[in-house]
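In what follows, a structure is listed as structure tokens, so that the remarks can point back to it.
The values are calculated or read from the model by the stated rules, or taken from the named source; none is laboratory data. Note that this is a predicted model, so its numbers are computed, not measured. Note: ideal-geometry Cβ built from the backbone for every residue, glycine included; neighbour counts use all protein chains shown.
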Amino acid sequence: MRNWDISEEREMTKKIAPSADFDISFNFYYDETNNIRKFYVKEANFNSCFTANFVLGGMVYEGTSPNVNSLISKLNLQKTVKELKFKHIATGKFLNCLNSEKLNIF
């Protein structure tokens with residue numbers, strides 16, 4: 001693991017954006033979306049589309065961790081679900097996802 005001193009970059013960014021608050025505490029929960037992990041050449045093509053989108057998706061909130069037990073209960077997930085994934089909330093094309101009852105709860 002490497003550690004970098006970012007104090008110079010931080011000070012420069014503060015000068016560029018003086019209204020930005022660099023002392024707020026945020027918690028990030030993120031996951032890789034559409035990460036194929038390994039990309040290799042097959043006999044006639046590739047194992048995955050090389051133009052596919054790779055997204056770092058997730059949530060962020062300010063301050064300390066909220067209690068999400070009531071949210072998890074309302075979502076009525078199977079007991080075997082260890083972490084919440086989008087597929088547990090909605091499926092299908094974008095407009096169909098917007099109609100998901102669980103997405104509205106979330």
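No other residue among ASN27, ASN47 is within 16 Å of the chain's Cα centre (by Cα), surrounded by 10 or more Cβ atoms within 10 Å (Cβ to Cβ) and over 20 Å from LEU103 (Cα atoms) apart from ASN27. Just one residue in the set LYS38, LYS14, LYS42 is modelled with pLDDT of 85 or more and charged (D, E, K, R); that residue is LYS14. Of all the residues in region 45-73, those that are among the hydrophobic types (A, V, I, L, M, F, W, C) and either at pLDDT below 70 or farther than 27 Å from ILE105 by Cα (or both) number 5.
Only one of the numbered conditions (1) assigned to a helix (DSSP H, G or I); (2) exposed (fewer than 10 other Cβ atoms within 10 Å of the Cβ) is violated by ARG37, and that is (1).
Against the list (1) of a type outside the set (D, E, K, R); (2) part of a loop (DSSP other than H, G, I, E, B); (3) exposed (fewer than 10 other Cβ atoms within 10 Å of the Cβ), the condition THR91 fails is (3). Just one of LEU71, LEU77 is in a helix (DSSP H, G or I) and surrounded by 10 or more Cβ atoms within 10 Å (Cβ to Cβ); which is it? When all the criteria are applied, what remains is LEU71.
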